[in-house]
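We did not get these values from a lab; they are worked out from the coordinates using the rules stated. Given the structure is predicted, the values throughout are model-derived calculations rather than measurements. With ideal geometry, Cβ positions are generated from the backbone for all residues, glycine too; neighbour counts draw on all protein chains shown.
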Amino acid sequence: MNKGISFYFGYKISPQERAKLIHDYGFDTIITNADPKFNYQNGTLRKQMKIFKKYNLKPSSLHQQYNSEDLHYFWEEGAKGEELKKRLIKDVKLAHKYNFTCVVVHLDGKWSEIGRQRLLDVLKVCHKYNKPLAIENIHCQKLFVKVFDEIQDDMLRFCYDSGHNNTFDKDFDYLEKYGDKLITLHLHDNDGSSDMHTLNKFGNINWKRIGEKIAKHKNQLFSLDYEIFMSRTKQDIKAEECLKEVKKQADELESIINETLK
């Protein structure tokens, strides 16, 4: 399987050097963010794509542009909700332009018919460009479930975030309930107390169990993608050591998946 990592994984390294390191440590794919507010970190999306091509890193998922405090407007009347919809449509078009597999979306707020219609409008664009919308499990389990209950659409898919599941709703089995919708992954670990985005050795997630669950849907996935932000932890680990460890984790997870399928 392809192995991927977030382009920014928590170190102040130039985009060029970072991409080279990611390539040199054996990764195939990369996940990144569409939001211009991270240009200071990663460069523009256009520049990122040139760097990815140089180091033969294939684009995996593209994260939507958002501010957490604004997400609830998507479900409310008014210009701010419409602006969020337009921004999301723009991200779908960017995913098409740069050949990402899908757009990853955070949904937060209270379900409404207004929000439902906005989602349907975005999904029409997804169909036009053949780019799925992958709803990520964050802290809003009720809204996540409601969206999939109310909207049946081939372009509405699921991004499984292991760290969020372990922190916010450990007893809810997203992979079992929504595995048929799975299209992409945000893999990372934590100790259950906060969303650390750290390495397995600092967390307590049962990766054997996750690997066994993913195995059922292996063919739906482009890559085993890790969304690591080591800057959120107090661990003193160099970038090279981090990449080596993440690649090891990915290889071990693939072994679990393959063993399950025997």
Nitroxide proxy distance, nm - points 7 Å out along Cα→Cβ at Lys50 and Lys93: 2.2 nm
Taking H as built 1.01 Å from N, whose amide H comes closer than 5 Å to the amide H of Thr29, not counting residues under 5 places away? Lys3, Gly4, Ile5, Lys58
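Report the Stokes-Einstein translational diffusion coefficient (µm² s⁻¹, integer) for region 122-262, Rh taken as the Kirkwood radius over Cα pairs, at 20 °C with viscosity 1.002 mPa s. It would help to have the intermediate numbers written out before the result.
Numbers: Rh = 15.9 Å.
Reported coefficient: 135 µm²/s.
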I need two numbers for the chain: Rg to one decimal and Dmax as a whole number, Cα atoms only, in Å. 17.5, 53
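Restricting to DSSP H runs of at least four residues, report the calculated mean residue ellipticity at 222 nm for the chain, -39500 (n - 2.57) per run over all residues, nearest 500 deg cm²/dmol.
-13500 deg cm²/dmol
Quick one: compute the contact order of the chain, relative version, from alpha carbon pairs under 8 angstrom and 6+ residues apart, as a percent.
On the way: 479 pairs, mean separation 51.1, N = 262.
Taking the mean separation of contacting Cα pairs over the length of the chain, I get 20 percent.
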If you average the alpha carbon positions of region 139-204 and of region 94-126, how far apart do those two centres end up, in angstrom? 17 Å
How long is region 53-123 along each principal axis, judged by its Cα atoms, biggest number first, in Å? 44, 22, 17
Using only the Cα atoms of region 52-172, what are the Rg and Dmax in Å? 14.4, 45
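In what order do Val147, Val92 fall by count of nearby beta-carbon atoms within 10 Å, going from fewest to most? Provide the component values of the computation, followed by the final result.
Details: Val147 18, Val92 28.
Lowest count first: Val147, Val92.
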DSSP bridge orientation in the chain - percent antiparallel, rounded to nearest 5: 5 percent
With label points built 7 Å along Cα→Cβ from the Cα atoms of Ser193 and Lys86, find their separation and express it in nm. 4.4 nm
Size of the dipole of the chain about the Cα centre, Lys and Arg at +1 and Asp and Glu at -1 on the beta carbon, nothing else charged, in debye to 20? 1080 debye
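Can you tell me how much longer the chain between Asn204 and Glu69 gets when fully stretched, taken as 0.36 nm per residue apart minus their C-alpha distance, in nm with one decimal?
45.7 nm
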Would you pull out the residues with amide H under 5 Å of Arg157's amide H, same chain only if 5 or more places away, H placed 1.01 Å from N? Leu133, Ala134, Ile135
Based on DSSP H assignment, which helices of the chain show an axial Cα extent of at least 15 Å together with a mean Kyte-Doolittle hydropathy greater than or equal to -0.5? 113-129
